Amino acid sequence: MAATPAPDANTVDNVLSALQSSDNVARSQAESLLNEWSLRSDFLCTLMSRAHQAPTVGSRQLAATLLSWRVPRFWPGLGNDDRRQVQSALLDCFATCTEAPVLRALGEACNATCQSIAVHQDALWEDLIHLVANLVGGQSMLHRRASLELLTSLVESMGARLQKHYAEIGHILVSRVYDDNDSVRIAALSLIGTAISSWCLDEEDVQHWRGAAEATMDVATKVLSRPAGDASGPQVLAAALRALGKLVPSLGLPALGTSAAKLACQILSMSPVPKSAEHCQVQALQLLRLLARVPKLLGEQELSAIVPVVCKIAKDSAPDLDDLDEISPQTQTARDSIRAFARVDGKIVLPVVMEFAKQASQSQDALDRAAAIYAVSAAFCGAQEAMPGWASSYVQALEDPTVWVRQSVYEGASMLAEGLRASATTTEGLLVFLSALAKQLPRETAPELVRKSAEASRSIFRELASDECIRILQETVSAICSSITFALQSLCSATNPQSSNDASATMGAVVSLISALGAAASTAADHFVPFAVIAASALVPIVRANFANNACPPHITSAMSMPAVLASCLDAAGAIVASAWAEPNFGPIREEFAGFARQVIRDSGSPSEVRATAHNFFASVALASFEEFTPQLPCVVEAAIVALSIADDGSATSTSRRAVRTGAHEERVAAIDSLGAYAVAVGPRFAAHLQSVMPAVSSQVNHVNPDVRISVAGCLERIGRMLGGLVERLSVGGTDFVAAASMAQWTARSVCSLVCDHENNGAAALRRALQVKEDLLDCPGFVVLLGPEAAQSLAAVGGGRHADDVESSCPDEEDYGLEDAC
């Protein structure tokens with residue numbers, strides 16, 4: 001027993017009230033008292049009494065919530081009598097409480113206690129299960145709902161421990177689905193969805209769950225017939241759809257699947273759709289996606305009937321005139337669903353979508369024509385292939401006078417570039433598309449559409465090979481550069497200043513245009529020399545406006561100094577300069593860009609995302625110029641080391657062990673990548689900087705963020721290969737050989753740390769580290785520097801695992817789980 005006396009009821013009530021106060025001082029004092037009382041085991045009973053008797057609902061609810069937090073802490077130290085006393089009092093509290101928020105908090109306390117009993121006593125709190133079963137069938141609506149919610153929590157936390165009670169729980173479910181109160185129905189439907197996920201289905205269970213599924217569909221159908229304006233109907237319907245999304249795929253009964261699909265289509269066909277019921281359409285679409293994924297659950301006839309219904313929902317009937325990126329949830333879900341259906345069975349889905357698109361494209365309604373483009377794009381992406389000549393309909397649609405149709409083409413192009421499987425048909429279509437985009441770009445006057453067109457061009461360039469781009473480079477680069485010049489002039493116009501919204505839209509267009517230009521230069525690097533001057537000239541105004549001694553008017557400097565503009569400029573400049581590095585007539589422009597990048601990389605006041613692109617700029621230049629880059633090393637290496645020395649919330653010193661992506665993250669990754677690029681570009685000349693580089697790179701080995709560790713692995717591999725290349729120049733046993741061997745061993749130790757210290761923290765980073773280990777062990781020069789013992793230690797790291805043995809930690813790109821849209 002604690003030495004301090006137990007607090008009386010009035011004192012506890014005052015503290016509970018203070019904890020809800022907006023007065024920081026009073027709340028802090030109350031928290032101190034609460035922490036002091038929490039050292040007493042008898043404080044649990046005090047909290048239970050206040051959950052009954054505190055003067056306000058808020059205080060009673062808070063007392064119950066505090067109880068759920070304190071039970072797990074005290075339970076291991078309580079004796080058997082004290083435990084029984086707490087259990088009995090908690091059951092009494094739950095059974096007699098008549099206030100919904102307090103009852104819900106007491107349910108959380110009951111769940112916490114049940115978990116504590118399971119952990120520390122390896123037993124199930126049987127009395128709680130029996131009480132819940134009795135209350136679920138009782139007269140009190142509040143207790144029926146709260147008991148079902150508690151039972152849902154228990155199923156989630158207890159799992160198989162409840163197995164012997166499954167039959168009892170099962171009988172409860174169907175009766176409560178038909179409860180007179182909608183909130184109880186919703187709780188029962190939520191329990192169905194949770195319970196079916198952990199249930200072991202044998203023949204007897206299948207019969208039971210089939211009854212639950214039929215009851216769920218019956219309730220959903222009856223809700224649809226309710227009069228408009230019914231407040232709780234949409235919530236019941238959404239809960240039923242979520243439950244069916246778990247039930248029907250688990251049971252795998254085709255007849256049930258067909259019935260569920262018909263129900264979903266009926267919901268999708270509702271017109272008009274009340275605002276309160278829009279989320280039900282999202283749930284219906286999610287249900288159809290789940291049904292389609294289960295083999296043989298839906299036949300060809302059912303799938304063919306579903307697709308046209310979903311295609312109609314893919315039409316955005318009320319687009320936002322002020323924000324082209326805004327789209328209703330059901331419209332976006334419908335487009336995602338078409339993609340999912342085509343992924344399941346493209347042979348069935350594609351002809352149906354194409355027939356829908358054929359009819360919709362002839363509509364007088366521009367939104368119908370746009371919906372046709374979206375539907376076809378989604379279907380092609382789902383099937384990952386398109387028929388020969390697929391781009392012609394898109395090119396034709398670019399001539400449409402309506403913004404919405406052209407927007408659908410641009411967004412469809414971005415989708416298709418990333419979604420179609422590489423093939424001759426895909427490449428030919430993308431090239432046709434890119435040429436059409438170049439022709440249309442100068443005609444676009446709306447900044448939002450210019451941005452989307454540029455994003456489409458960028459996406460396509462990223463999917464093409466260098467030689468494939470040759471025939472469309474001139475028209476594309478010319479169009480993009482002209483548009484950049486025009487947009488910058490609009491942005492900087494003093495006689496016709498833009499509003500803040502217009503300026504923001506134009507800024508977005510400039511950034512996307514520059515990114516598209518950079519993608520063209522990067523993809524077509526081997527063929528970009530003839531276009532380097534015109535491309536660089538389009539970016540020079542941005543560079544000159546940002547030099548320290550520029551003479552530009554303030555409004556121009558302000559427009560040109562936005563971080564996004566500067567970052568995109570330097571990013572694109574790196575690829576452009578690298579493509580024409582050896583050209584004599586390109587020297588002045590090249591030096592102008594390099595001078596600006598040096599200014600940025602050494603300026604601690606520059607935004608970190610801009611400095612990141614400066615690192616990328618120099619990395620690109622280094623890989624193009626090789627040994628000629630050596631004079632730049634002192635400046636750029638020092639800047640990279642400084643970037644790595646800046647602590648962030650995701651650094652290795654973080655005690656939370658959570659990867660926090662801060663503003664400096666991109667710069668950190670870029671700095672590490674650039675050091676690796678310098679090592680491989682200048683080769684032996686980089687060795688002189690290893691004494692300062694290795695400590696900086698190794699300090700990032702235990703960074704919490706996997707992206708950083710992936711970059712560290714790549715940098716270490718390049719440094720290791722650079723060291724391996726020195727062997728032929730060194731005399732074994734000489735001073736330089738010993739120094740190189742020391743760096744090689746340091747590199748190997750860092751790789752070992754990447755593998756050993758993060759085996760359960762980021763599969764992609766672990767796979768990359770193992771790959772680096774394997775590649776370095778295949779490098780003869782590096783192995784010679786390591787020596788037999790160190791090489792053997794490196795080979796043993798990972799316990800025999802290979803990079804190919806590590807599965808991706810990224811979720812499947814097609815995660816069709818039902819979303820809670822309520």
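Any residue at all in region 27-45 that is farther than 17 Å from GLN85 by Cβ, surrounded by fewer than 19 Cβ atoms within 10 Å (Cβ to Cβ) and in contact with a Ser or Thr (Cβ under 6 Å, 6 or more places away or on another chain)? Yes: region 27-45 contains one or more residues that are farther than 17 Å from GLN85 by Cβ, surrounded by fewer than 19 Cβ atoms within 10 Å (Cβ to Cβ) and in contact with a Ser or Thr (Cβ under 6 Å, 6 or more places away or on another chain). The lone criterion from (1) over 29 Å from the mean Cα position of the chain (by Cα); (2) modelled with pLDDT of 95 or more left unmet by SER459 is number (1). Filtering region 114-135 down to residues that are touching a residue at least 12 places away in the same chain (Cβ under 8 Å) and among the small types (Gly, Ala, Ser), which residue is nearest to LEU150 (Cα to Cα)? Going through the qualifying residues, I end up with ALA133. Only one entry in GLN20, GLN53 is open to solvent by 20 Å² or more (accessible area, probe 1.4 Å), touching a residue at least 24 places away in the same chain (Cβ under 8 Å) and within 39 Å of the chain's Cα centre (by Cα), namely GLN20.
Listed conditions (1) open to solvent by less than 50 Å² (accessible area, probe 1.4 Å); (2) part of a helix (DSSP H, G or I); (3) in contact with a helix residue (DSSP H, G or I) (Cβ under 8 Å, 6 or more places away or on another chain); (4) not charged (D, E, K, R) are all met by ASN585, apart from (1). Selection of first residues in region 328-342 that are hydrophobic (A, V, I, L, M, F, W, C) and of second residues that are not in a helix (DSSP H, G or I), restricted to Cβ pairs under 8 Å at least 6 apart or on distinct chains, gives the following pairs, ordered by first then second residue: ALA334/ALA314; ILE338/ALA314; ALA340/GLU814; ALA340/TYR816.
Every condition in (1) on the phi < 0 side of the Ramachandran plot; (2) at pLDDT below 95; (3) in a helix (DSSP H, G or I) is met by ASP673 except one, and the failing one is (2).
Screening SER393 on (1) among the small types (Gly, Ala, Ser); (2) open to solvent by 30 Å² or more (accessible area, probe 1.4 Å); (3) not in a helix (DSSP H, G or I) shows it passes everything except condition (3). Within the option set VAL86, VAL102, being within 24 Å of ALA239 (Cβ to Cβ), assigned to a helix (DSSP H, G or I) and open to solvent by less than 60 Å² (accessible area, probe 1.4 Å) holds for one residue only, VAL102. Number of residues in region 376-389 that are open to solvent by less than 10 Å² (accessible area, probe 1.4 Å) and not in a helix (DSSP H, G or I): the value is 0.
Is it true that LEU67 is modelled with pLDDT under 90, closer than 23 Å to ASP122 by Cα and part of a helix (DSSP H, G or I)? It is true that LEU67 is modelled with pLDDT under 90, closer than 23 Å to ASP122 by Cα and part of a helix (DSSP H, G or I). Residues in region 132-190 that are open to solvent by 50 Å² or more (accessible area, probe 1.4 Å) and polar (S, T, N, Q) were compared, and the one that is modelled with the lowest pLDDT is GLN163.
State yes or no: is ALA215 open to solvent by less than 20 Å² (accessible area, probe 1.4 Å) and either free of Cβ contacts under 8 Å to residues at least 12 places away in the same chain or closer than 20 Å to GLY252 by Cβ (or both)? Talk me through it step by step, then tell me what you get.
Numbers: open to solvent by less than 20 Å² (accessible area, probe 1.4 Å): yes; either free of Cβ contacts under 8 Å to residues at least 12 places away in the same chain or closer than 20 Å to GLY252 by Cβ (or both): yes.
Judged against the criteria, ALA215 is a match.
Of all residues in region 261-279, none that is within 16 Å of ALA228 (Cβ to Cβ) has its Cβ atom under 6 Å from the Cβ atom of a residue that is of a type in the set (Phe, Trp, Tyr) and open to solvent by less than 10 Å² (accessible area, probe 1.4 Å), 6 or more apart or on another chain. Within region 719-741, restricting attention to residues that are among the β-branched types (Val, Ile, Thr) and over 10 Å from GLY781 (Cα atoms), the residue that is nearest to the chain's Cα centre (by Cα) is ILE719.
Residues to consider are ILE460, ILE470; find the one that is open to solvent by 50 Å² or more (accessible area, probe 1.4 Å), out of contact with any Ser or Thr (no Cβ under 7 Å at 6 or more places or on another chain) and either of a type in the set (Gly, Ala, Ser) or closer than 22 Å to ASP526 by Cα (or both). Full working, then the answer.
Values: ILE460 fails: open to solvent by 50 Å² or more (accessible area, probe 1.4 Å).
That would be ILE470, the only listed residue that is open to solvent by 50 Å² or more (accessible area, probe 1.4 Å), out of contact with any Ser or Thr (no Cβ under 7 Å at 6 or more places or on another chain) and either of a type in the set (Gly, Ala, Ser) or closer than 22 Å to ASP526 by Cα (or both).
Kindly indicate which of ALA791, ALA748, ALA763 is open to solvent by less than 60 Å² (accessible area, probe 1.4 Å), more than 23 Å from ARG685 (Cβ to Cβ), touching a helix residue (DSSP H, G or I) at 6+ places or on another chain (Cβ under 7 Å) and of a type in the set (A, V, I, L, M). Quick ask: steps written out before the conclusion?
On the way: ALA748 fails: more than 23 Å from ARG685 (Cβ to Cβ); ALA763 fails: touching a helix residue (DSSP H, G or I) at 6+ places or on another chain (Cβ under 7 Å).
Answer to the check: ALA791.
Scanning region 302-326 for residues that are assigned to a helix (DSSP H, G or I) and over 27 Å from GLY233 (Cβ atoms) yields a total of 3. Taking region 704-791 and the helices (runs of 4 or more DSSP H) fully enclosed by it, the elements with 2 or more residues that are in contact with a Leu (Cβ under 6 Å, 6 or more places away or on another chain) and within 23 Å of VAL637 (Cα to Cα) are at 706-724, 735-756. Of everything in region 682-720 that is among the aliphatic types (A, V, I, L, M) and under 16 Å from GLU667 (Cβ atoms), the residue that is most open to solvent (accessible area, probe 1.4 Å) is ILE710.
Looking only at residues in region 316-332 that are within 24 Å of GLN384 (Cβ to Cβ) and open to solvent by 10 Å² or more (accessible area, probe 1.4 Å), the one that is nearest to the chain's Cα centre (by Cα) is GLN332.
Quick check on VAL783: is it modelled with pLDDT of 90 or more, more than 25 Å from ALA671 (Cβ to Cβ) and open to solvent by 10 Å² or more (accessible area, probe 1.4 Å)? Even if it seems obvious, please write down each step before you answer.
Working: modelled with pLDDT of 90 or more: yes; more than 25 Å from ALA671 (Cβ to Cβ): yes; open to solvent by 10 Å² or more (accessible area, probe 1.4 Å): yes.
When the stated conditions are applied, VAL783 passes them.
The values are calculated or read from the model by the stated rules, or taken from the named source; none is laboratory data. Note that the structure is predicted; figures quoted are calculated from it, not measured. Heads up, the Cβs are rebuilt from the backbone with ideal geometry, glycines too, and the neighbour counts pull from every protein chain shown. Note: areas computed on protein heavy atoms with side chains; ligands, DNA, RNA excluded. Shrake-Rupley method; radii C 1.70, N 1.55, O 1.52, S 1.80 Å.
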